[in-house]
Amino acid sequence: MTKVQLKGVRKDFGSFTAISQIDLDIESGELVALLGPSGCGKTTTLRMIAGLEVPTYGHILFDDDDVSEVPVQDRNVGMVFQRYALFPHMTVEKNVMFGLKVRGTPSGEIKQRLEDILDVVQLEQFRHRFPAQLSGGQMQRVAIARTLITNPSVLMMDEPLANLDTKLRGEMRRFIRELQQRLGITTIFVTHDQVEAMELADRVAVIFDGVLAQYDTPEALYQRPNSVEIADFMGANNIFDAQVSNGVAKTAFGDLQLDTDTKPVRDGTGRVLLRGEAIDLLLGEGEASQNVITGKVTAREFFGATVNYTVDCKGETIIVNEQSRRMVDVGQDVWLTIQPQRIWVIQDAA
Ligand SMILES: Nc1ncnc2c1ncn2[C@@H]1O[C@H](COP(=O)(O)OP(=O)(O)OP(=O)(O)O)[C@@H](O)[C@H]1O
Ligand SMILES: [Mg+2]
């Protein structure tokens with residue numbers, strides 16, 4: 001499998017800079033998600049890796065070979081798009097074989113690869129159907145099969161699940177992840193959905209406005225975002241101004257003891273991030289020992305397995321997310337507590 005590296009890559013379209021500067025190392029066999037809002041440059045980055053665009057500056061390396069100037073047909077990459085554009089007048093197997101036919105691969109080899117790939121994507125029983133006779137998820141599997149049959153060394157997917165409904169998206173994510181791990185193929189997956197990126201990827205590259213904002217494991221991105229923008233994009237809702245001194249964060253709703261053993265914090269201004277599921281909501285004052293925040297429940301949102309409580313704490317709003325094993329009423333006085341090691345501090349530049 002292939003290791004992919006972007007070194008100082010920039011892309012200008014005329015006077016417009018789509019990608020200012022990206023450095024990215026993708027390990028062989030890794031699944032990396034490119035995540036970011038619409039227009040941030042995900043597709044442009046993917047197209048440069050594929051060879052459909054040439055970087056204005058910088059280099060793209062496959063296994064340490066500079067491929068920046070190598071055209072798409074000589075890079076051995078596979079692309080799957082959101083609009084999978086199957087040939088409507090061809091059956092599933094004809095669609096899947098098409099790429100090998102146009103390359104002039106011997107028909108014996110095509111037949112063998114077809115059997116292997118239909119097995120991999122579990123489409124044997126649909127092989128004689130036409131695209132119009134398939135579900136969205138089945139069509140997407142045909143699109144993946146059509147790409148995989150060419151044995152690409154890097155697989156690229158640009159929002160391949162965007163057209164599917166929520167349940168099918170979940171199924172296809174698990175399918176893609178399982179397939180990717182079984183084949184061990186280096187994969188780059190573009191999405192603007194942070195849940196999708198976290199569920200699928202070994203590492204996530206967050207791109208804002210043509211700049212790589214953070215490149216990390218899903219867990220690190222979620223728990224330890226580099227900036228408020230990233231925290232926000234990853235769905236954080238409890239972000240508060242704080243004044244840090246001697247390992248204590250002073251906030252509008254009280255002082256929070258920080259864990260300075262595992263992460264040193266400088267004195268100065270910053271933001272504290274409190275993940276809603278890391279906060280314990282207590283109904284009595286006596287139960288809590290440290291980092292106690294008093295408040296009152298002002299709203300409740302029920303999601304089935306979990307509940308969100310909106311808690312007013314001295315004029316600040318804290319959202320607490322917990323299992324719905326119990327229900328706390330709106331209007332109830334509560335005591336919130338959070339362990340120091342569950343508080344993440346985003347500090348202003350020194
Ligand atoms: N060929 C082009 N000429 C000029 N500008 C372009 C071209 N291709 C992309 N852009 C611009 O570059 C920026 C990044 O585009 P890109 O398609 O990479 O975004 P994206 O992150 O994939 O967004 P989306 O999530 O909406 O697909 C956008 O502002 C876009 O308008
Ligand atoms: Mg795009």
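What follows draws every value from the coordinates through simple rules; no lab data is involved. In this text the structure is predicted, and so the values were computed from the model without any measurement. Methodologically, a virtual Cβ is constructed for each residue, glycine included, from the backbone with ideal geometry; neighbour enumeration extends over all protein chains shown.
Cross-chain or 8 or more residues apart, Cα under 18 Å: how many lysine pairs in the range 1-142 fit that? Count them up, please.
Values: LYS7/LYS42; LYS11/LYS42; LYS94/LYS111; LYS101/LYS111.
Value for the range 1-142: 4.
Using only Cα atoms, tell me the angle between helix 136-148 and the longest principal axis of the chain; keep it within 0 to 90° and round to the nearest 10.
The answer is roughly 60 degrees.
Compute the semi-axes of the equivalent ellipsoid of the range 238-347, taking the square root of 5 times each eigenvalue of the Cα gyration tensor, and list them largest first in whole Å. Walk me through the intermediate numbers first.
Details: eigenvalues 126, 35, 32 Å².
Sorted largest first and rounded, they come to 25, 13, 13 Å.
Take LEU34, LEU123 and order them by how many other Cβ atoms sit within 10 Å, fewest up front.
On the way: LEU34 30, LEU123 20.
Ascending number of Cβ neighbours within 10 Å: LEU123, LEU34.
Starting from the Cα gyration tensor of the range 1-70, multiply each eigenvalue by 5, take the square root, and state the resulting semi-axes largest first in whole Å.
Ellipsoid half-lengths, sorted descending, are 20, 15, 9 Å.
Excluding residues fewer than 8 places away in the same chain, name every one of the lysines whose C-alpha is closer than 24 Å to that of LYS250.
LYS263, LYS296, LYS314
Taking Cα centroids, how far is the range 298-350 from the range 117-146 in Å?
The range 298-350 and the range 117-146 have Cα centres spaced 45 Å from each other.
Antiparallel DSSP bridges in the chain: what percent, to the nearest 5? Intermediate values should be presented prior to the final figure.
On the way: 59 of 79 bridges.
If we restrict to bridges inside the chain, about 75 percent are antiparallel.
For the residues ARG127, ARG169, what sequence is obtained by ranking on other C-beta atoms within 10 Å, fewest first?
Values: ARG127 16, ARG169 21.
Going from least to most buried by this count: ARG127, ARG169.
Nearest 10 degrees is fine. How inclined is helix 107-120 to the longest principal axis of the chain, computing both from alpha carbons?
In the chain, helix 107-120 runs at an angle near 20 degrees to the longest axis.
Semi-axes of the equivalent ellipsoid of the range 114-242: what are they in whole Å, largest first, if each equals the square root of 5 times a C-alpha gyration tensor eigenvalue? Show your work: numbers first, answer last.
Working: eigenvalues 224, 48, 26 Å².
After diagonalising the Cα gyration tensor, the semi-axes are 33, 15, 11 Å.
Determine the sum of side-chain charges near LEU118: Lys and Arg each +1, Asp and Glu each -1, restricted to other residues whose C-beta is under 10 angstrom from that of LEU118. Write out the running numbers ahead of the final one.
Details: positive: ARG113, ARG127, ARG141; negative: GLU93, GLU115, ASP116, ASP119, GLU124.
Local net charge: -2.
Which whole-number percentage describes the relative contact order of the range 249-350, with Cα contacts under 8 Å and a sequence gap of 6 or more?
Numbers: 192 pairs, mean separation 40.4, N = 102.
With pairs under 8 Å counted, the relative contact order is 40 percent.
For every helix of n ≥ 4 consecutive DSSP H residues, a contribution of -39,500 (n - 2.57) applies; sum these over the chain, divide by its total residues, and give [θ] at 222 nm rounded to the nearest 500 deg cm²/dmol. Don't jump to the answer; show the numbers that get you there.
On the way: 8 runs with 84 residues, N = 350.
It lands at -7000 deg cm²/dmol.
Kindly express, to the nearest 10 degrees and within the range 0 to 90, the angle between helix 166-183's C-alpha long axis and the longest C-alpha principal axis of the chain.
Value to nearest ten degrees: 70.
Counting other C-beta atoms within 10 Å, and keeping those with at most 10, which DSSP coil chymotrypsin sites (Phe, Trp or Tyr not before Pro) do you find in the range 251-345? Intermediate values should be presented prior to the final figure.
Details: sites: PHE253, PHE302, PHE303, TYR309, TRP335, TRP344; in loops: PHE253, PHE303.
Hits after loop and neighbour filter: PHE303.
Note down the net charge around VAL320, summing +1 for each Lys or Arg and -1 for each Asp or Glu among other residues with Cβ under 9 Å from its Cβ.
On the way: positive: none; negative: GLU277, ASP280, GLU322.
Charge balance near VAL320 sits at -3.
For the chain, compute the orientation-averaged projected area of the C-alpha convex hull (one quarter of its surface), in nm². Show your work: numbers first, answer last.
On the way: hull surface 87.1 nm².
Here the figure is 21.8 nm², rounded to one decimal.
Report relative contact order for the range 138-276 in percent, whole number only (criteria: Cα-Cα under 8 Å, sequence separation at least 6). Could the numbers behind the result be given before it?
On the way: 153 pairs, mean separation 20.3, N = 139.
About 15 percent, as a whole number.
Any idea how far apart LEU61 and ASP23 come out in nm if each label point goes 7 Å out from Cα toward Cβ?
1.2 nm
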